[in-house]
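Contents: one structure, followed by commentary.
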Amino acid sequence: MNPDTDSLSGLGAMEAARRIRAGEITSEDLVGACLAAVDAREDEVQAWAFLDRDHARAQAQRADAAHRSGVDLGPLHGVPVGIKDIFDTNDMPTECGTPLHAGRKPEYDSAVAAVLRSAGAVILGKTVTTELAVYTPGKTRNPHDRSRTPGGSSSGSAAAVAAGMVPLAVGSQTNGSVVRPASYCGVLGFKPSFGTISRYGALAQSRPLDTVGVFARNIPDVALATEVLSAYDPRDPDMRPMAQRRLCDVAASEPPLAPVLALVRSPVWDLAESDLQDGFAELAEALGEACDEVSLPETFDRALDWHRSVMYADLAKSYQSLYERGSERISAKLREILDEGRKVLAVDYNRALDWRDVLTVGLEQIFERYDAIVTPATPGPAPAGLDSTGSPAFCTLWTFCGLPAISLPLLSGAEGLPIGAQLVGRRGDDARLLRTARWLVETLAQA
């Protein structure tokens, strides 16, 4: 087989798995096409922290050998996936974007890596993260304009999908680290409900906030990846025993009634740039009677402060041993955050978590009437310069409350750069959110 390399590297994960299963292409074909895309663009994008081409091809060859033997390895049989370099892999380094972990080679796979392998995926390599998955940028550049940030902290995962290097990638979000880079890079980024995907073997930042998410180019692939990864794992204390979620079937189904959306500008609308304001106004006009503008009570204005208290205090706790071992090799920005986190009082930390429950109850009242909330993902397109990953402020409330959220590349700025529209659903109702997202994308395409 000699299929066209460009067409193969543009395949979605679900379609690629179908074609491999049907014998129309091989995993080695697909991995070779993805590696060719890496060769073509990696010098400018720099999405990968580790990539061993021979190892990637060897995984693909094993997948093809299994197929020839009549063995179906799973729903991602032979499909290449990128993994953020905070998830342990026993055959690749996991350095977490810091020199303090340079050369670190885990003995065991993280839950994410193990589940992907059991589903038949080829782990192409490890994608770049910001320093310890916080704010200091890594080397990755925005595929649309290499003078701009790709966002963070899941920088490499978003950029690799956007640049056509891989159809799927895994990231994580403690504030805005999936939704923000997806918005800036013009791909889909999905942060499922808190507790959906195991964090075992991943860099720990904040137990009440850390969430594993995925990047893809279409909603069926988002549903597939999340469904595969959502297997219950008792090693993650915030997962609950339950049947694995059937996201693909629901996401592909038609809504029983036409969805109605709550358009929420959010408490940080004053950060919205003109490109976002114009795009959001056009989106509201296109939706017409399918959306109502909803304002949140003033209590929600404090969500950013409460989130900051929890996140910074937990970062100080999680990274204390690294700080003691090599504070001089930690960025000034992260040292400042850790210093602030150590000053958070226990009473303020616990009060913030109590208020999170209050806010979540308040949002439930919106979801009793509306199928989802539509709100900005970022203040605008990716900002120029490489010394910042942009503001996560439009993501903070939803992450704090543990709600599922997806960035959809529906808007663009005056210079043609992508801006994501964020769709947010009721906690635990991820399948319905993905179905509503598919409906929204198709409805706007027909408008």
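Every number here is computed from the coordinates shown, using simple stated rules; none is lab data. This structure is a prediction, so every number in the text was calculated from the model and none was measured. Positions of Cβ are backbone-derived with ideal geometry, glycine not excepted, and every protein chain shown enters the neighbour counts.
Going by how many other Cβ atoms sit within 10 Å of their own, how do 271, 209 line up, fewest first? Could the numbers behind the result be given before it?
On the way: 271 15, 209 19.
Lowest to highest Cβ neighbour count: 271, 209.
Considering only the other residues whose Cβ falls under 13 Å of the Cβ of residue 381, what net charge follows from Lys and Arg at +1 and Asp and Glu at -1? Please report the intermediate quantities before stating the final value.
Working: positive: 148, 180; negative: 145, 273, 275, 278, 415.
Around residue 381, the surrounding residues sum to -3.
Sort 130-138, 147-155, 279-287 for me by packing, meaning the mean count of neighbouring Cβ atoms within 10 Å per residue, highest on top. Walk me through the numbers on the way to the answer.
Details: 130-138: 23.7, 147-155: 29.1, 279-287: 15.9.
Packing proxy ranking, top to bottom: 147-155, 130-138, 279-287.
Sum up the charges of everything whose Cβ sits under 12 Å from the Cβ of residue 391, counting Lys and Arg as +1 and Asp and Glu as -1, but leave residue 391 out.
Working: positive: 180; negative: 270, 273.
My count for the surroundings of residue 391 gives -1.
Work through the residues other than residue 291 whose Cβ is under 14 Å from its Cβ and net out their charges, Lys, Arg +1 and Asp, Glu -1.
Net local charge, residue 291 excluded: -4.
Would you order 366, 20 from fewest to most other beta-carbon atoms within 10 Å of each residue's own beta-carbon? Could the numbers behind the result be given before it?
Numbers: 366 16, 20 27.
Result, fewest neighbours first: 366, 20.
Given the chain, what percent of its DSSP beta bridges are antiparallel, to the nearest 5? Present the calculation step by step, with values, prior to reporting the outcome.
Working: 27 of 41 bridges.
Of the beta bridges lying entirely in the chain, close to 65 percent run antiparallel.
Cα gyration tensor of the stretch 389-443, axes a ≥ b ≥ c as square roots of the eigenvalues: rounded (a/c below 1.5), prolate (a/b > b/c) or oblate? Display every interim value, and only then the final one.
Values: a/c = 4.05, a/b = 1.22, b/c = 3.31.
Here the stretch 389-443 falls in the oblate category.
What value, in deg cm²/dmol to 500, does the helix sum -39500 (n - 2.57) over DSSP H runs of n ≥ 4 give at 222 nm once divided by the residues of the chain?
Details: 16 runs with 183 residues, N = 447.
After summing the helix terms and dividing by the residues of the chain, the value is -12500 deg cm²/dmol.
For the stretch 148-227 and the stretch 1-74, compute the distance between their C-alpha centroids and round to whole Å.
21
Quick check: from the Cα gyration tensor, does the stretch 343-447 come out rounded (a/c under 1.5), prolate or oblate? Numbers along the way, then the final one.
On the way: a/c = 3.28, a/b = 1.22, b/c = 2.68.
It comes out oblate by the Cα gyration axes.
Given H placed on each backbone N at 1.01 Å, which residues far from residue 389 in sequence or on other chains put an amide H within less than 5 Å of it?
none
Alpha carbon centre of the stretch 269-287 versus the stretch 392-417: separation in Å?
Measuring centre to centre over Cα atoms gives 12 Å.
Through the Karplus equation 6.51 cos²θ - 1.76 cosθ + 1.60, θ set to phi - 60°, convert the phi angles of the stretch 21-36 into ³J(HN,Hα) values in whole Hz; use x for Gly and Pro.
My calculation for the stretch 21-36 gives 5, 7, x, 6, 9, 10, 4, 5, 4, 5, 4, x, 5, 5, 5, 5 Hz in order.
Order these peptides, 42-51, 349-358, 119-128, by their mean beta-carbon neighbour count within 10 angstrom, highest first. Kindly include the intermediate steps, with their values, before the conclusion.
Numbers: 42-51: 19.9, 349-358: 14.7, 119-128: 27.0.
Packing proxy ranking, top to bottom: 119-128, 42-51, 349-358.
Rounded, prolate or oblate: which fits the stretch 5-251, taking a ≥ b ≥ c as square roots of the Cα gyration tensor eigenvalues, rounded meaning a/c under 1.5, else prolate when a/b beats b/c?
It comes out rounded by the Cα gyration axes.
Taking the alpha-carbon set of the stretch 252-446, what are its Rg and Dmax in Å?
18.7, 58
On a 25 Å Cα-Cα criterion, which of the cross-link pairs 105/191; 105/343; 126/191 come out too long?
Numbers: 105/191 27 Å; 105/343 33 Å; 126/191 19 Å.
Checking Cα-Cα distances, 105/191; 105/343 exceed 25 Å.
Computed over the Cα atoms, what is the radius of gyration of the chain divided by 2.2 N^0.38 Å, N being its residue count? Could the numbers behind the result be given before it?
Working: Rg = 20.6 Å, N = 447, 2.2 N^0.38 = 22.4 Å.
Working it through for the chain, the quotient is 0.92.
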